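Everything on this sheet refers to the single structure shown next.
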């Protein structure tokens, strides 16, 4: 994340309180932001603002920075709550917040950070931005519900279409579509309708790449535990593809293991499943699928950015989006 | 809650989706609102709007109704998350949302409802309202942190001042101060600064009465399990007062029981503690304390409302506030 965005987040979040318990509360709010996310989404937003004609140092740029801070705050409160829902162990290379402070305090800190996100949106003062954030949260929560309800109900009879609908909702809006749109709004222009199909494809590519990285043993900078998706019983393109063609005995063992709660999963069995997935070719299949989605998304995005005010910044956006499907962390 | 407010909430929340899982998600969003809260806070807000001169059927009244819907949505998402944090069993006479659908889905539904609250604030279009909601969430989350961190850390060395600071933050802002202020803002007037001290005292009285009701065996319309605060290890004025004068052996047994997680608490021991509390006079002490806070708050509130546009509505506000310390449910 750009240092000036972290600066705005720190400006917004309270820092000191005479009561030690509330001082502690404030430290929880700053924890995830201070761990230093990559800031991909705010970067995309800021590039989109520049491509649409916002000059650095202008008051529009300051508004775009506040929107960037808001989108990073969104990412952070969602991660706190997701880590609770999935009972994740790690986030950005450190223990998840609820593993440090217990579920109740982490849940509450996530709610407070959610409100500070709205404070950042208000500071931006960009007409239409509030509606974008509402749309983003609604779609992301719908995707999250699909993801979580399949886990909760043990549903594995899912098609690639089901998976794609889930990740478009869960990932594409907040990772691609809304950052691109917010950049246009910060410039006072109407966002291209092509941002939606472009972002759906690129968001799917981004999420599939994330699923791939979660299974690769050498994903150094990834920041979450390797194989965590298996422990959490996540539906991914990889597991769904593998499941459709796996030997019946492996299918049986897999479904049996996935039906156990996270805490009762057998590490040896998880290791065997990891081997099956890696040997099956399903990871390669998923990566190829991500590459195709990425290529489609880039084509749409190129069209969407054809007539923007600053074509050289548009090229930077395309470069950033291209990195979504090849990223290592 | 007024039927027209529930109508606005239903207008805002999505209803149908072709995917059964998302249809299910939408039913989770409507669950707590449909259980029919008392709507005290929105009622206070609407009375405050009328007292400050908003005429029913005016466009200002429509804005006040949207703010009322927003404050009820706040109450609902907070209750979903509080029930998770406390692992409560019941809410409004039915199982808590996470006990019906599991923690992950309930947590996510609470987040989505939080966003719909902001959508209602936006619909109201009242200048300054967004800042009031931000202030309300920040203070409530601070109070919630105090409450939860004392439970998590096993802290019982607390004074009445500690307790009062906690409930002023946790309860007073969203129950009294902010509804009163929002009513004034809906009328386009500057809220009286006396709303803050008035609301702090009345909010404390309201919360202490809530703590009393939680221990009374005959609280028919209360909607939460009797003695639930003990199971959740909540610090209340009653337990703190009792603890300061209880026989050492009872203190020891109490602290030992409170140190156990909710699921491992011994029902027989909880029943004995309930008897001790009821016999000790600490419930009466707390009720007298609530009465005093209530009286102080009413004095301040009367002064705050002295010069409002509609004095007869001011009288209704005082009547509603008076009920805060004598309510049965």
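Structure data summary
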| item | result |
| --- | --- |
| Region A:104-155, residues that are more than 7 Å from chain B (Cβ to nearest Cβ), over 20 Å from the mean Cα position of the chain (by Cα) and crowded, with 17+ Cβ neighbours inside 10 Å | A:123, A:124, A:126 |
| Matching option when the condition is touching a residue at least 24 places away in the same chain (Cβ under 8 Å) and under 30 Å from residue B:51 (Cα atoms), among B:119, B:112 | B:119 |
| One residue from B:293, B:310, B:316, B:287 being within 22 Å of the chain's Cα centre (by Cα), buried (at least 17 other Cβ atoms within 10 Å of the Cβ) and at pLDDT 95 or above | B:293 |
| Residue count, region A:54-104 (criterion: free of Cβ contacts under 8 Å to residues at least 40 places away in the same chain and not in a helix (DSSP H, G or I)) | 7 |
| Residue ID - surrounded by the fewest Cβ atoms within 10 Å (Cβ to Cβ), chosen from residues in region B:222-262 that are under 20 Å from residue B:85 (Cα atoms) and without any contact (Cβ under 8 Å) to a residue 24 or more places away in the chain | B:261 |
| Selection from region A:88-103 of residues that are closer than 17 Å to residue A:25 by Cβ, away from chain B (no Cβ under 11 Å) and surrounded by fewer than 19 Cβ atoms within 10 Å (Cβ to Cβ) | A:100 |
| Qualifying position, being at the interface with chain A (Cβ under 10 Å from one of its Cβ atoms) and within 23 Å of residue B:173 (Cα to Cα), among B:85, B:64, B:69 | B:85 |
| The one condition in (1) at negative phi; (2) modelled with pLDDT of 95 or more that residue B:89 fails to fulfil | (2) |
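For (1) assigned to a helix (DSSP H, G or I); (2) out of contact with any helix residue (DSSP H, G or I) (no Cβ under 7 Å at 6 or more places or on another chain); (3) modelled with pLDDT of 95 or more; (4) surrounded by fewer than 23 Cβ atoms within 10 Å (Cβ to Cβ), each residue gets a yes or a no:
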{"site": "A:7", "(1), (2), (3), (4)": "yes, yes, yes, yes"}
{"site": "A:17", "(1), (2), (3), (4)": "no, no, yes, yes"}
{"site": "A:29", "(1), (2), (3), (4)": "yes, no, yes, no"}
{"site": "A:38", "(1), (2), (3), (4)": "no, yes, no, yes"}
{"site": "A:41", "(1), (2), (3), (4)": "yes, no, yes, yes"}
{"site": "A:48", "(1), (2), (3), (4)": "yes, no, yes, no"}
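The values are calculated or read from the model by the stated rules, or taken from the named source; none is laboratory data. What you see is a predicted model, and the numbers here were worked out from it, not measured in a lab. Quick reminder, even Gly has a Cβ in these numbers, built from the backbone with ideal geometry, and neighbours come from all protein chains shown.
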